[in-house]
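Here the structure comes first, spelled out in structure tokens, and everything after it is commentary.
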Number of protein chains: 2
Amino acid sequence: MVRRSSRLVAVALIALAVVPVAAETPDRAEIVLTVEEQHDATVKSLQDWIALPTIAAEKLNTPQGAEYMQQLALDAGFQTAKIIPTDGLPAVFATLDAGAETTLGIYFMYDVKQFDPSEWDSHPLEGNLVERHDEGLTIVGRGAVNQKGPQTAFLAALKAIQASGRQLPVNIVLVAEGEEEIASTHFDQVVAVPEVQEALAKSIGVFIPSAAQSKDGSANITLGAKGAVEFQLVVGGETSDKYPKTDIHSSNHARIESPAWRLVKALDTLVADDGHTPAIDGWFENVRPLTDRQKQLIAEGAKLNPEDQAKELLGIGSWIDDLPYITSLERFYSQPTVNIQGLVAGYTGPGGKTILPGRAEAKLEFRLVPAMTKDEAVKKLEAHLAKRGFDDVQVTISGGYGPNETDEDSILIKAQKRLFEQNGIAYSIRPRSAGSWPGVIFNGAPLNLPASQFGLSRGGGAHAPNEWFLIESTDPKVNGLDEATMAYVDYLYLVAKEAERGTD
Amino acid sequence: MVRRSSRLVAVALIALAVVPVAAETPDRAEIVLTVEEQHDATVKSLQDWIALPTIAAEKLNTPQGAEYMQQLALDAGFQTAKIIPTDGLPAVFATLDAGAETTLGIYFMYDVKQFDPSEWDSHPLEGNLVERHDEGLTIVGRGAVNQKGPQTAFLAALKAIQASGRQLPVNIVLVAEGEEEIASTHFDQVVAVPEVQEALAKSIGVFIPSAAQSKDGSANITLGAKGAVEFQLVVGGETSDKYPKTDIHSSNHARIESPAWRLVKALDTLVADDGHTPAIDGWFENVRPLTDRQKQLIAEGAKLNPEDQAKELLGIGSWIDDLPYITSLERFYSQPTVNIQGLVAGYTGPGGKTILPGRAEAKLEFRLVPAMTKDEAVKKLEAHLAKRGFDDVQVTISGGYGPNETDEDSILIKAQKRLFEQNGIAYSIRPRSAGSWPGVIFNGAPLNLPASQFGLSRGGGAHAPNEWFLIESTDPKVNGLDEATMAYVDYLYLVAKEAERGTD
């Protein structure tokens, strides 16, 4: 491996103050210059990608999203990029053989969450560059941070290394899916394709580019994620003839059963009277309590995320059960949930309307922790409802997967730690993300690979209006797009180095 | 009183087979001819009225609706017609002094229910004339049957009598409100105006024109109606800072309370586990059981409304609690209800969306029976929720009124019976309507007047798409618009006659 010269480190220090000492990256300053040269093209590429939102729930821009993703991979130097059909939206499988010893798996999502332009300050598909108070220049658009921004930075890193005629320090295997926002309904089919499975099996692990840098420049390492299972409960004329097939005059409730009340009664059994503790029979059977190490990590992480700041960001005045902050965080990372995403029945406009609704629907989701599984959760739900006679309540599982966990001593994680330490970046290790991504597909059988999220960049508003990703930071401790790109460059070299060490 | 000649009765028999013997109406055949002459203008007037929907919940066509109502009254021969402002939509108060001994009160509603044109086969404001299978020519539009059709027929009756230079057999006091569909929120203010109260106090009672003729030509007399109180329950960031102010990422439910679950928990306490028996503390305290006479009336009425036909019309396969038909009808007329009109929280589109909603709302309504009152029901609800600690659940009462009841031996009802008997029309007497109208305003203190619904015409789809009112019936036993108009003519003479008898 070529070692960087001191002169170039000095240049890098000036150009990119945030990542002053990336010990493993050769000719770093040259790559920095390339990243800067390609900056405008990278922003343009991100804007173009934002302009083409693929939304699986609405079947929007399919198959265009996969084709676009395929082209993005080819443009970034992948020698092969194939569209892999599934029973849902297609995935993209791409390989970049650099002749390296080590292969790294990368997971992308090319889909985005639904959006309502009327709730946004600027149009969610325009990717406008907007000055954000106390942050800097940001790009605003659906998918900006979740995940097109971080993914674009990663692709820019690949391009920058190659632009100078260098080989990547690792080979890359990329799998990109289009159904992440509907709980990766068919992603297991992608990984089951022999060619894909074989390629991934050679990797030291898989990560998804993310934006996890805090306002103060500190970073996170995340050792896994909760699983998520989305489902809908429906009651009405379509599930039993004791309910009307359409909305009828409400006076009839004196002689006709109400789908809405039936739904309320079914829902009521799913959580305890405190309004949050899951009450599905046997729910906690396989829930592993936090280890002492996990609790220690949570307590350390809390120091980097002051309580008042967290409350302000979330717009709340107290935690669940009025818990103290640390306990609320332990609950956040350790507890499986049964959440209501939405309720809809009958009349939903202003005021009232004297109808007996013919249909009532609740949209729910489970968040699962180790060692729960998707199948277990679904079976328990169905058994719970059946035992209580709710055979007129239709359960539709619209997607989901189990939790994932990765060892602190894996190459993926060790390289992250080293990057932060070499650059003097404060970081916390979270035992897991309370959010979800389908890492279990890599983490579970048959691949059993380390799986993680990684990215040294910043953004916010995922799944919300005015989603943003930082392009040019006003704070030298916080990364903009180019610094985030360089962090991926450095990370790739560190992964190669850690793998080398591991096999020494 | 002038007696009709036999010759003219014969003409009437031919022209209007349905009402062959209206013993009290003088020169009846001449009036029939006038009704027929004005038929096209009456239909046009109904179409014009349908084209101007006043919807209180949406503040649509206000004040135009009241001004239009005022003009309709003046056109029908009322000598005075005033707009009476309220804290909500204005009402119209009109008087027609015919120099008669007897004064009759009439209640109109000039507002209509909300509508969604996409759910209709023809536009709800066009008032298209559409052939309806097995019924005849109908007018289709929002308000067609509820209540513009029947009210137009009543106004046409006034016009027809006057068109021949005759005086009406009774003086008329009309009060028309614009908030019936939002539970007559401010109607008590109208009746409290001294001039209005004084005029109404002189009347023998008040009725609302309605369309109650069945498919087989039979009719109903209704001795009152349930009360209705509409209210909304809201939980969210706007009611407590333990909830987020907007929708946030659903992973946060592991540490933040859910407005949607809280709403479910509050709702769950309002009805028993059967999904329909109200469980509000003290709810049944003032509920009067049905008398033997009321049960007898229900059983007799059931004969005119076969069970299979009723089920088909409602689109259901069984009654509440799997009750037999007669028991389901007793329940229908006697039981107060707590109904969910609508539920809305978080994401309501297709599939799911991983959010924790910042707000959850349930739209509900009570139906009240004698001797419950609105105030009692509201206080019991509030006490019930307070006792269980639901102080973060905001209750908004958007309107309502108590039940009403009228004596079988009042002039209003006796005149109805006589009309049906004289014309050989089978009829049932319902102890009350399971629907609601604010008759309590007339029925309760200080007026204490008989209050009823009356109309010998046919229609359907109130509060639903494709609302219709019969214009030309294919069945000689069932009334179209002109026959319905003549039934009002005959009724006015019968009311005068009954009042005369009563004071003999």
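List of remarks:
- Residue in segment B:191-211 that is surrounded by the fewest Cβ atoms within 10 Å (Cβ to Cβ), counting only those that are farther than 14 Å from B:G444 by Cβ and either within 14 Å of chain A (Cβ to nearest Cβ) or of a type in the set (A, V, I, L, M) (or both): B:V193
- When restricted to residues that are away from chain A (no Cβ under 13 Å) and part of a strand (DSSP E or B), segment B:218-234 contains 4.
- When residues of segment A:257-275 are limited to those that are over 15 Å from A:A345 (Cβ atoms) and part of a loop (DSSP other than H, G, I, E, B), the one most open to solvent (accessible area, probe 1.4 Å): A:D273
- For segment B:176-228, filtering for residues that are more than 16 Å from the chain's Cα centre (by Cα) and over 16 Å from B:S433 (Cα atoms) leaves 23.
- Where a residue in segment A:149-172 is closer than 25 Å to A:L52 by Cβ and in contact (Cβ under 8 Å) with a residue 40 or more places away in the chain and its partner, wherever it lies, is aromatic (F, W, Y) and in a helix (DSSP H, G or I), with Cβ under 7 Å and at least six apart: A:T152/A:W49; A:A153/A:Y488; A:F154/A:Y488; A:A157/A:Y488
- Among the conditions (1) surrounded by 21 or more Cβ atoms within 10 Å (Cβ to Cβ); (2) within 11 Å of chain B (Cβ to nearest Cβ); (3) in contact with a Ser or Thr (Cβ under 8 Å, 6 or more places away or on another chain), the only one that A:E330 does not satisfy is (3).
- Restricting attention to segment B:235-256, the residues that are of a type in the set (V, I, T), assigned to a loop (DSSP other than H, G, I, E, B) and facing chain A (nearest Cβ under 7 Å) add up to 2.
- Some residue of segment B:315-324 being away from chain A (no Cβ under 11 Å), open to solvent by 20 Å² or more (accessible area, probe 1.4 Å) and either assigned to a helix (DSSP H, G or I) or farther than 16 Å from B:K226 by Cβ (or both): yes
- Some residue of segment B:58-75 being in a strand (DSSP E or B), in the same structural domain as B:E472 (by TED's automatic domain parsing) and under 30 Å from B:R501 (Cβ atoms): no
- Counted residues, segment B:336-347 - those being at the interface with chain A (Cβ under 7 Å from one of its Cβ atoms), in a loop (DSSP other than H, G, I, E, B) and under 31 Å from the mean Cα position of the chain (by Cα): 0
- Residues that are touching a residue at least 60 places away in the same chain (Cβ under 8 Å), open to solvent by less than 10 Å² (accessible area, probe 1.4 Å), more than 7 Å from chain B (Cβ to nearest Cβ) and in contact with a Lys or Arg (Cβ under 7 Å, 6 or more places away or on another chain) do occur in segment A:276-287.
- Search result, residues across segment B:297-312 that are surrounded by fewer than 17 Cβ atoms within 10 Å (Cβ to Cβ), within 14 Å of chain A (Cβ to nearest Cβ) and free of Cβ contacts under 8 Å to residues at least 12 places away in the same chain: B:D308, B:E312
- Selection within segment A:463-500: residues that are in contact with a strand residue (DSSP E or B) (Cβ under 9 Å, 6 or more places away or on another chain) and among the aromatic types (F, W, Y). The member of this set that is farthest from A:K215 (Cα to Cα) is A:Y491.
- Any hit, segment A:365-378, residues being more than 10 Å from chain B (Cβ to nearest Cβ), more than 30 Å from A:P446 (Cα to Cα) and in contact with a strand residue (DSSP E or B) (Cβ under 8 Å, 6 or more places away or on another chain): no
- The single residue among B:V130, B:V92, B:V145 that is open to solvent by 10 Å² or more (accessible area, probe 1.4 Å), part of a strand (DSSP E or B) and of a type in the set (A, V, I, L, M) turns out to be B:V130.
- Checking every residue in segment B:107-122 against the condition of being within 14 Å of chain A (Cβ to nearest Cβ), in a helix (DSSP H, G or I), touching a residue at least 60 places away in the same chain (Cβ under 8 Å) and of a type outside the set (D, E, K, R) gives zero matches.
The values are calculated or read from the model by the stated rules, or taken from the named source; none is laboratory data. This structure is a prediction, so every number in the text was calculated from the model and none was measured. Counting neighbours? That spans all protein chains shown, and the Cβs are built from the backbone with ideal geometry, glycine included. Surface accessibility is based on the protein's heavy atoms, side chains included, excluding ligands, DNA and RNA. Shrake-Rupley method; radii C 1.70, N 1.55, O 1.52, S 1.80 Å.
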